[in-house]
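Trainee: Have a look at this one before I ask anything.
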Amino acid sequence: MLDVDQAELALNPTRTRVWAPIGVPIELEMPGDNRKQVMFGAVNSRTGQTHFALAEHKRSADFQQYVDREIISAYPEADVIFLIVDGASIYTSKSTRAWLAERPQIVLVPLPSYAPKLNLQELIWRWLRRDVTHNHYFGSLQESVAAGKRFFAKLAGQPEAVLQRIGMSVGPLDRALTNIT
(Lines give C-alpha, C1' and ligand atoms only; values in the text may rest on other atoms or scores of the structure.)
Protein backbone atom coordinates (compact mmCIF):
# COMPACT_ATOMS: atom_id res chain seq x y z
CA MET A 1 0.00 0.00 0.00
CA LEU A 2 1.42 3.33 -1.07
CA ASP A 3 0.22 6.90 -0.73
CA VAL A 4 0.63 8.65 -4.10
CA ASP A 5 0.45 12.36 -4.90
CA GLN A 6 1.71 14.97 -7.31
CA ALA A 7 3.26 18.35 -6.50
CA GLU A 8 5.42 21.07 -8.01
CA LEU A 9 8.87 22.43 -7.33
CA ALA A 10 8.93 26.13 -8.13
CA LEU A 11 11.76 28.49 -8.91
CA ASN A 12 10.46 31.02 -6.38
CA PRO A 13 11.04 29.98 -2.79
CA THR A 14 8.13 28.87 -0.67
CA ARG A 15 7.68 31.24 2.23
CA THR A 16 7.19 30.36 5.84
CA ARG A 17 7.60 31.94 9.24
CA VAL A 18 11.08 32.99 10.23
CA TRP A 19 12.46 34.65 13.31
CA ALA A 20 13.30 38.32 12.90
CA PRO A 21 13.48 41.33 15.17
CA ILE A 22 10.21 43.24 15.42
CA GLY A 23 9.90 45.77 12.64
CA VAL A 24 12.65 44.27 10.47
CA PRO A 25 11.16 42.92 7.24
CA ILE A 26 12.52 39.71 5.79
CA GLU A 27 13.51 39.98 2.17
CA LEU A 28 13.60 36.98 -0.11
CA GLU A 29 15.03 37.12 -3.58
CA MET A 30 12.39 36.13 -6.11
CA PRO A 31 12.72 36.23 -9.87
CA GLY A 32 9.68 37.48 -11.74
CA ASP A 33 9.30 34.18 -13.61
CA ASN A 34 8.09 31.39 -11.33
CA ARG A 35 8.70 28.35 -13.50
CA LYS A 36 7.68 25.01 -12.04
CA GLN A 37 8.61 21.34 -12.29
CA VAL A 38 5.94 18.67 -11.72
CA MET A 39 6.83 15.79 -9.40
CA PHE A 40 5.09 12.53 -8.57
CA GLY A 41 5.81 10.86 -5.28
CA ALA A 42 4.76 7.83 -3.28
CA VAL A 43 5.57 6.52 0.17
CA ASN A 44 5.24 2.97 1.41
CA SER A 45 3.79 3.24 4.92
CA ARG A 46 5.13 -0.19 5.94
CA THR A 47 8.74 0.06 4.78
CA GLY A 48 9.41 3.80 4.55
CA GLN A 49 10.49 3.41 0.94
CA THR A 50 9.84 6.49 -1.19
CA HIS A 51 9.40 6.75 -4.94
CA PHE A 52 10.00 10.02 -6.78
CA ALA A 53 9.94 11.06 -10.42
CA LEU A 54 9.78 14.24 -12.45
CA ALA A 55 7.07 14.68 -15.08
CA GLU A 56 6.14 17.13 -17.80
CA HIS A 57 2.59 17.67 -16.57
CA LYS A 58 0.05 16.53 -13.99
CA ARG A 59 -1.92 14.59 -16.57
CA SER A 60 -3.36 11.09 -16.54
CA ALA A 61 -0.66 9.83 -18.91
CA ASP A 62 2.08 11.22 -16.65
CA PHE A 63 0.55 9.44 -13.63
CA GLN A 64 0.28 6.20 -15.58
CA GLN A 65 3.90 6.39 -16.74
CA TYR A 66 5.01 7.12 -13.17
CA VAL A 67 3.23 4.04 -11.82
CA ASP A 68 4.52 1.84 -14.67
CA ARG A 69 8.12 2.97 -14.27
CA GLU A 70 8.48 3.61 -10.55
CA ILE A 71 5.84 1.63 -8.66
CA ILE A 72 5.16 -1.57 -10.59
CA SER A 73 8.86 -2.08 -11.27
CA ALA A 74 9.66 -1.62 -7.54
CA TYR A 75 7.18 -4.33 -6.50
CA PRO A 76 7.42 -7.01 -9.22
CA GLU A 77 6.33 -9.83 -6.89
CA ALA A 78 3.22 -8.03 -5.58
CA ASP A 79 -0.10 -9.59 -6.49
CA VAL A 80 -1.93 -6.37 -5.63
CA ILE A 81 -0.64 -2.82 -5.17
CA PHE A 82 -3.03 -0.46 -3.42
CA LEU A 83 -2.43 3.20 -4.27
CA ILE A 84 -4.06 5.73 -1.96
CA VAL A 85 -4.92 8.80 -4.03
CA ASP A 86 -6.68 12.12 -3.61
CA GLY A 87 -9.59 13.39 -5.67
CA ALA A 88 -7.58 14.68 -8.64
CA SER A 89 -9.24 13.94 -11.97
CA ILE A 90 -6.15 12.15 -13.30
CA TYR A 91 -7.09 9.16 -11.13
CA THR A 92 -10.64 8.88 -12.49
CA SER A 93 -10.15 9.86 -16.13
CA LYS A 94 -11.26 7.67 -18.99
CA SER A 95 -7.66 6.90 -19.95
CA THR A 96 -6.75 5.95 -16.37
CA ARG A 97 -9.76 3.62 -16.14
CA ALA A 98 -8.67 1.94 -19.40
CA TRP A 99 -5.08 1.75 -18.15
CA LEU A 100 -6.25 0.18 -14.86
CA ALA A 101 -8.26 -2.44 -16.76
CA GLU A 102 -4.96 -3.64 -18.26
CA ARG A 103 -3.26 -3.73 -14.84
CA PRO A 104 -5.41 -5.76 -12.45
CA GLN A 105 -2.67 -5.65 -9.82
CA ILE A 106 -3.18 -1.87 -9.36
CA VAL A 107 -6.08 -0.80 -7.16
CA LEU A 108 -6.72 2.89 -6.57
CA VAL A 109 -8.10 3.77 -3.13
CA PRO A 110 -9.59 7.27 -3.24
CA LEU A 111 -9.53 9.43 -0.14
CA PRO A 112 -12.59 11.45 0.87
CA SER A 113 -12.93 14.83 -0.82
CA TYR A 114 -11.04 17.69 0.79
CA ALA A 115 -8.92 15.43 2.98
CA PRO A 116 -5.33 16.01 1.79
CA LYS A 117 -3.95 15.44 5.29
CA LEU A 118 -4.95 11.80 5.06
CA ASN A 119 -2.46 11.20 2.23
CA LEU A 120 0.90 10.42 3.85
CA GLN A 121 2.80 11.63 0.77
CA GLU A 122 1.62 15.14 1.71
CA LEU A 123 3.85 14.84 4.81
CA ILE A 124 6.82 14.04 2.57
CA TRP A 125 6.06 17.09 0.40
CA ARG A 126 5.90 19.23 3.55
CA TRP A 127 9.27 17.82 4.67
CA LEU A 128 10.73 18.62 1.23
CA ARG A 129 9.47 22.19 1.46
CA ARG A 130 10.83 22.65 4.98
CA ASP A 131 14.28 21.25 4.19
CA VAL A 132 14.73 22.45 0.61
CA THR A 133 12.52 25.31 -0.55
CA HIS A 134 11.22 27.31 2.43
CA ASN A 135 12.81 30.77 2.31
CA HIS A 136 15.60 29.52 0.03
CA TYR A 137 16.29 31.03 -3.37
CA PHE A 138 17.82 28.93 -6.13
CA GLY A 139 19.41 30.68 -9.09
CA SER A 140 17.65 28.44 -11.59
CA LEU A 141 14.89 25.87 -11.77
CA GLN A 142 17.56 23.24 -12.48
CA GLU A 143 19.23 24.03 -9.12
CA SER A 144 15.89 23.70 -7.34
CA VAL A 145 15.21 20.37 -9.04
CA ALA A 146 18.72 19.14 -8.19
CA ALA A 147 18.11 20.01 -4.54
CA GLY A 148 14.82 18.09 -4.66
CA LYS A 149 16.59 15.06 -6.16
CA ARG A 150 19.24 15.20 -3.40
CA PHE A 151 16.48 15.31 -0.80
CA PHE A 152 14.82 12.17 -2.19
CA ALA A 153 18.20 10.42 -2.56
CA LYS A 154 18.77 11.12 1.14
CA LEU A 155 15.34 9.70 2.02
CA ALA A 156 16.09 6.50 0.07
CA GLY A 157 18.78 5.69 2.63
CA GLN A 158 16.68 6.62 5.67
CA PRO A 159 13.45 4.58 5.62
CA GLU A 160 13.15 4.66 9.42
CA ALA A 161 13.29 8.47 9.38
CA VAL A 162 10.55 8.43 6.72
CA LEU A 163 8.40 6.15 8.88
CA GLN A 164 8.90 8.46 11.86
CA ARG A 165 7.97 11.50 9.76
CA ILE A 166 4.73 9.94 8.53
CA GLY A 167 3.84 8.62 12.00
CA MET A 168 4.26 4.96 11.17
CA SER A 169 7.45 4.19 13.06
CA VAL A 170 7.44 1.20 15.33
CA GLY A 171 8.76 2.10 18.75
CA PRO A 172 10.77 -0.16 21.12
CA LEU A 173 7.65 -1.28 23.05
CA ASP A 174 5.83 -2.18 19.82
CA ARG A 175 8.87 -4.12 18.60
CA ALA A 176 9.02 -6.04 21.90
CA LEU A 177 5.34 -6.90 21.69
CA THR A 178 5.61 -8.13 18.08
CA ASN A 179 8.57 -10.36 19.01
CA ILE A 180 6.52 -12.26 21.61
CA THR A 181 5.60 -15.66 20.24
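Trainee: Anything in segment 45-100 that is over 24 Å from Arg35 (Cβ atoms), charged (D, E, K, R) and in contact with a strand residue (DSSP E or B) (Cβ under 6 Å, 6 or more places away or on another chain)? List them, or say none.
Mentor: None; the set is empty.
Trainee: Follow-up. β-branched (Val, Ile, Thr), in contact (Cβ under 8 Å) with a residue 40 or more places away in the chain and closer than 25 Å to Arg165 by Cβ, is that true of Ile90?
Mentor: no
Trainee: Testing Lys154 on (1) under 15 Å from His51 (Cα atoms); (2) free of Cβ contacts under 8 Å to residues at least 40 places away in the same chain; (3) touching a helix residue (DSSP H, G or I) at 6+ places or on another chain (Cβ under 7 Å), one condition comes back false. Which one is that?
Mentor: (3) is the only condition that Lys154 fails.
Trainee: Which condition does Ala74 not pass, out of (1) touching a residue at least 40 places away in the same chain (Cβ under 8 Å); (2) farther than 21 Å from Glu56 by Cβ, if it passes all the others?
Mentor: Condition (1) is where Ala74 drops out.
Trainee: Considering only segment 96-181, give the helices (runs of 4 or more DSSP H) lying wholly within it that have at least 1 residues that are surrounded by 12 or more Cβ atoms within 10 Å (Cβ to Cβ) and at pLDDT 85 or above.
Mentor: Correct list: 121-128, 141-156, 159-165.
The values are calculated or read from the model by the stated rules, or taken from the named source; none is laboratory data. Bear in mind that the values here come from a model prediction, so they are computed numbers and not experimental data. All Cβ positions, even for glycine, are placed from backbone atoms using ideal geometry, and neighbour counts span all protein chains on display.
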